[in-house]
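Visitor: Structure incoming, see below.
The values are calculated or read from the model by the stated rules, or taken from the named source; none is laboratory data. On a predicted model such as this, the values are computed, not experimentally measured, just so you know. Here the Cβ is made from the backbone with ideal geometry for all residues, glycine too, and neighbour counts use every protein chain on show. When the accessible area is computed, the model is the full protein with side chains, heavy atoms only, and any ligands, DNA or RNA have been set aside. Shrake-Rupley method; radii C 1.70, N 1.55, O 1.52, S 1.80 Å.
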Amino acid sequence: SGSIVDIAGLCYTCTGTMMVAASANTLNQVFEIKNDAKMRRTMRRPLPSGRISPVHAAMWATSVGAAGTTLLACKANYLAAGLAASNLILYAFVYTPLKQIHHVNTWVGAVVGAIPPLLGWAAAASEVSLNSMILPAALYFWQLPHFMALAYLCRDDYIAGGYRMLSFADPSGKRTAWVSLRNCLYMLPLGLLAYNWGLTSGWFSFEASLLTTGLTIGASSFVLDPTHKSARRMFHGSLLYLPALMAGLILHRLPNQ
Ligand SMILES: CC(C)=CCC/C(C)=C/CC/C(C)=C/COP(=O)(O)OP(=O)(O)O
């Protein structure tokens, strides 16, 4: 966005994205009713607990997905609408079945989680460029320690649900922890890149380095001592990390980039 943010455009884009994401999440839960019913973490959700019927959920997913894509196409642009629709397909029809087949699912899911900020950029700038990749890259790498911690902490639950997370093939947690650490390290240069490419002031680069160093320390403890305690600490750290990074980016963005 320029120095004056188009608030109406922002609201349309956020609403459209939220609607398509709601559709994707609903389809995911429709396809996973039986699995979710076997997991403590998910058994109380509306579908496995029977509070909402699968037909009702599928109808909601179809209508909210179509309405959200149309809203993006009419009020943002076709690029944003196309990204949203493709992401829905990737999440519901590629990532979701892959969860029961191979642990590579987490890397595919990380792409899904990285697309929404790209969609926002596309809505504001009507194009995607190299500059627009910083935020999706941060979201992509962040999801690895976040979901690896979850996969490790809920390992037995995921196995009971029939899901193939990396922790299934890695009972010691060593590989799971290394994947987390590696992806924290990949995030280290992103703040500097945002500054070098003129997207933010140097403050963001400083804040991002501090935050990422904190998360990297959490991941290093998980590598040195893969236990529930260290995984939980890294998971909670990842929950704080993302909103703090986003706040820094908003505060220190340079307009018209
Ligand atoms: C515009 C658009 C379509 C945006 C989609 C954004 C979105 C749904 C991101 C989620 C990414 C992700 C891998 C979640 C985990 O799902 P999971 O199935 O592992 O979670 P669960 O175990 O809690 O069901």
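Visitor: Quick one: Karplus J couplings for the range 60-77, per residue in order, coefficients 6.51, -1.76, 1.60, θ = phi - 60°, nearest Hz, x for Gly and Pro?
Guide: These are the phi-based 3J(HN,Hα) values: 4, 4, 5, 6, 5, x, 5, 5, x, 5, 5, 4, 5, 5, 7, 9, 10, 6 Hz.
Visitor: Let me ask you something else. List, in order, the whole-Hz ³J(HN,Hα) value for each residue of the range 37-53 obtained from phi through the Karplus relation with A = 6.51, B = -1.76, C = 1.60 and θ = phi - 60°; use x for Gly and Pro.
Guide: 5, 8, 9, 4, 4, 10, 5, 8, 5, x, 6, x, 8, x, 6, 10, 7
Visitor: Rolling a 1.4 angstrom probe over the protein chains, ignoring ligands and nucleic acids, what is the accessible area of Asp6 in square angstrom, nearest 10?
Guide: 100
Visitor: For the chain, what's the relative contact order in percent, using C-alpha pairs closer than 8 Å and at least 6 residues apart? Walk me through the numbers on the way to the answer.
Guide: Details: 369 pairs, mean separation 46.5, N = 257.
After rounding, I find 18 percent.
Visitor: Now for a separate question. For the range 59-148, rounded, prolate or oblate, judged on the Cα gyration tensor with a ≥ b ≥ c (square roots of eigenvalues), a/c < 1.5 rounded, else prolate if a/b > b/c?
Guide: oblate
Visitor: Under the rule of -39500 (n - 2.57) per DSSP H run of 4 or more residues, summed and divided by the residues of the chain, what mean residue ellipticity at 222 nm is obtained, to the nearest 500 deg cm²/dmol? Each step should come with its number before you reach the end.
Guide: Working: 11 runs with 180 residues, N = 257.
After summing the helix terms and dividing by the residues of the chain, the value is -23500 deg cm²/dmol.
Visitor: Apply the Karplus parameterisation 6.51 cos²θ - 1.76 cosθ + 1.60, with θ equal to phi minus 60°, to every residue of the range 239-251 and state each ³J(HN,Hα) to the nearest whole Hz, in sequence, with x for glycine and proline.
Guide: 5, 7, 4, 5, x, 5, 5, 5, 4, x, 5, 5, 5
Visitor: Let me ask something additional. Accessible area per residue of the chain at 1.4 Å probe, in Å²? Please list the in-between numbers first.
Guide: Values: 12650 Å² over 257 residues.
I get 49 Å² per residue for this part.
Visitor: Sticking with this one: Compute the separation of the alpha-carbon centres of the range 62-107 and the range 151-172 and state it in Å as a whole number.
Guide: Answer, in whole Å: 25.
Visitor: Further question on the same structure: Taking Lys34 as the anchor, which lysines have their alpha carbon closer than 16 Å to its alpha carbon, excluding any fewer than eight residues away along the same chain?
Guide: Candidates past the 8-residue exclusion: Lys99.
Visitor: Now a separate question. Okay, which of the range 118-140 sit inside 17 Å, backbone N to the point 7 Å along the Cα-Cβ direction of Leu254?
Guide: The answer is 130-135, whose backbone nitrogens lie closer than 17 Å to the label point.
Visitor: Give, rounded to the nearest 20 debye, the magnitude of the charge dipole that the chain has about its Cα centre when Lys and Arg contribute +1 at Cβ and Asp and Glu contribute -1 at Cβ.
Guide: 780
Visitor: Charges on Cβ only, +1 for Lys and Arg, -1 for Asp and Glu, centred on the Cα centroid of the range 51-202; of Tyr140, Ala125, Gly198, which one is farthest towards the dipole's positive end?
Guide: With unit charges placed on the Cβ atoms, the residue in question is Tyr140.
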